[in-house]
Every structure is written in C-alpha cells, then in structure tokens.
Amino acid sequence: MNIIGPDTLVFAVTQFNESCQFLKDYGLQETYLSETHAIYSALDGTSIEIYDEKNCDLPALANGSSLRQQVYGVVNKHALNEIYNELSKDRVVNINADGTLETVDASGFSLKFQVSIRKELHLEAEKINSPGAKPQRAINELGIPATDAPLPRSLGHFVLFVPDVKAANDFYCNRLGFRISDIMQDAGCFLRPKANDDHHTLLIIQAPPEAQGIDHFAFHLAGPTELMIAGSRFTELGYTTYWGPGRHILGSNWFWYFNSPLGCHVEYDADMDKHDDSWAPRTSHYAKDTTQRFLLKYSERVLP
C-alpha cells in the first residue's frame, strides 16, 4: 500500500477559540476559519482541522477523545483502490463523492484515505560546521536564521493510545503495509508507511480502554536550531512545556512538547532518522533512559 503518511488530523474541541489561537501561535497558517470550523496548515499543506465540539458530525470514541479522524495521504488512485479492496474484506469502507475512502481501524479510530495533498518542498536544511569535516556553510554565511518565528514544514507523526497493541499493529502492518521501525517491549511499536522513510509517522502505545485516544502530534521543523527558537518563543507567549527540550533515542529526533487546549500534547520535532526496508527493528523497554538521550531545562533569559 503506497501510503505516504498523515495529511490531516481532525479534532473536535471544547475550547475552539483557544485552540485556534494556539495553532496560529505554534506557527501553522490559518487556511480556513468559520465560527465553528478551522484548518491550520504547514508549508507542505499537511494540517490540523478543528471543529467546535458542539458542531462536529464525526463520531467520537466512547471515552470522548478529541481526535475524530486521521486523514492519510496516498501516492495515487491505484493505492486507494488497493486499500479499498483489502479493507472491504472485513469492514465497511465508504467511497465518498470525491473518491476518498472512510472506514475505521482495529481500535475504532476513524480513518480517511485520499490522494495526498502534500506539496513538494524545496527548502534549505540547517547546516553545521564541525572541526575535522568540510564546512557546510560558506565563509561569512551565518548559522542563525533571520526569523524568530520558524514555520512548521510538515505533519510528521502522532501517537495513539490503544487498548490492544497487537491488534492495532496487525492492522497497520498486515492490512496497510506499514513497517515496524522499533519496538518498546510491553508498550508499543514505532511504525512508518511504505511510501515514507521517516523513522515513524505513527507510534501506538498500550493503554486501558478509558485512556484510548491521541497523546500528541508533531510537525517537523528545519532542524534543532529552529526547534529551540520556536519552543523558546512559544514559551514566552505563555504556553507551558510538557516534556523537553531534548533528543529521543529511538528516531533520534529533537523534541519539545507543550500542553494544548486540543485535548492532547503538541510537539515540535526536528532531525528524525530515515530508514528503508533493510533496517532491523530494535527492541527496548519503555523507560526514561530508553526514550531520551538528554533532556534540557528551560530558564528565563538572562544578560550576564
């Protein structure tokens, strides 16, 4: 299945206006806004879509999770046909007027599949100069970006709490062609779809049924410098850190998580590992010393 990754995550929120402001301050572009519905997009077109909870027709999980739908982008219409033929073997798959597909996964989460709306980006990456290596930046080329408000480039990944990790893993791997990148023993799996080489676009973690839902989503920034600038700015706007800044071990990505009014945490991330099918998944325990290589503590700015 030529699935690229998440195009959009759809939420129904109790704090609609606060969620709109949060996503704008986070750096996403407001591409649609009404009194009860809004869309906030990254540079490549991937997005977060929010509804006022009182005006959302998408069904909710029994525990009321704010995540109402995961919209996956695929390579082409042939990939949509493959998904329909596979999933319609044992569940209802609706074909919408625009050709998109809608169904539910093994955990009851609502899924939508569409030919991806992602735009190809042609942007500079962060460059480093390191002793003993050829400089990446030219003489007199500065390493600090001019902007103090970096823009998220792409919706990278999200994390789901599920009541049965094995069933969820079987669904995404055996039915939709996802690959396992790494395994957290007795906890969950990092997964990537076939047409994406990021270490993961989805992490599934075992949780009791009452906790089922989304833990967080993350958008990619250009690199660690942008992540530190964006997170510092976000902090100064009054938003509170949940975890970070730091760097993960599995995936190697830099991270900075914030509390949000969307019913989940929201992360900035940067510099994730890339893998192909020759990669052998690692297995580790789910603990602090296996999730982060280091963790920093934010402090107020000072002028010594």
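No value in this document is a laboratory result; all are computed from the given coordinates. As the structure is a prediction and not an experimental result, all values here were calculated from the model. Here Cβ is always computed from backbone atoms with ideal geometry, including for glycine, and neighbour counts include all displayed protein chains.
Taking the chain as a Gaussian network, where each spring joins two C-alpha atoms under 10 Å apart, which residue of Val159, Val75, Val92 fluctuates the most?
Looking only at Val159, Val75, Val92, the largest GNM fluctuation is found for Val92.
In whole angstrom, how far apart do the alpha carbon centroids of segment 79-145 and segment 1-23 sit?
Using only Cα atoms, the two centres lie 14 Å from each other.
In percent, what relative contact order does the chain have, based on Cα pairs under 8 Å that are 6 or more apart in sequence?
RCO, the chain: 18 percent.
Please report the net charge: other residues with Cβ closer than 15 Å to the Cβ of Asp164, K and R +1, D and E -1.
It works out to a net charge of -2.
Please order Phe294, Phe158 by the number of other Cβ within 10 Å, starting at the fewest.
Phe294, Phe158
Between His199, His220, His285, which gets the highest mean-square fluctuation from a Gaussian network model of the chain, Cα cutoff 10 Å?
The residue that fluctuates most here is His285.
Among Ile144, Ile117, Ile180, which one shows the highest mean-square fluctuation when the chain is modelled as a Gaussian network with alpha-carbon springs under 10 Å?
Comparing Ile144, Ile117, Ile180 in a Gaussian network model of the chain, the most mobile one is Ile144.
With a sphere of radius 11 Å drawn around the Cβ of Leu203, what net charge do the other residues whose Cβ falls strictly inside it have (Lys, Arg +1; Asp, Glu -1)?
Around Leu203, the charge tally is -1.
Give the order of His157, His122 when sorted by the count of other beta carbons within 10 angstrom, beginning with the fewest.
Ranked by crowding around the Cβ, least crowded first: His122, His157.
Quick check: net charge around Ile4, other residues with Cβ under 13 Å of its Cβ, Lys/Arg +1 and Asp/Glu -1?
-1
Would you work out the Kirkwood radius for segment 162-227? I mean one over the mean of 1/r across all pairs of different Cα atoms, in Å.
Taking every pair of different Cα atoms in segment 162-227, averaging 1/r and inverting gives 13.0 Å.
Mind listing P(r) for the chain? All alpha-carbon pairs, 20 Å bins, whole percents.
32, 59, 9, 0
Across segment 228-245, in residue order, what do the Karplus-derived ³J(HN,Hα) couplings come to in whole Hz, using 6.51 cos²θ - 1.76 cosθ + 1.60 with θ = phi - 60° and x for Gly and Pro?
5, 5, 5, x, 5, 4, 4, 4, 5, 7, x, 7, 9, 6, 9, 7, x, x
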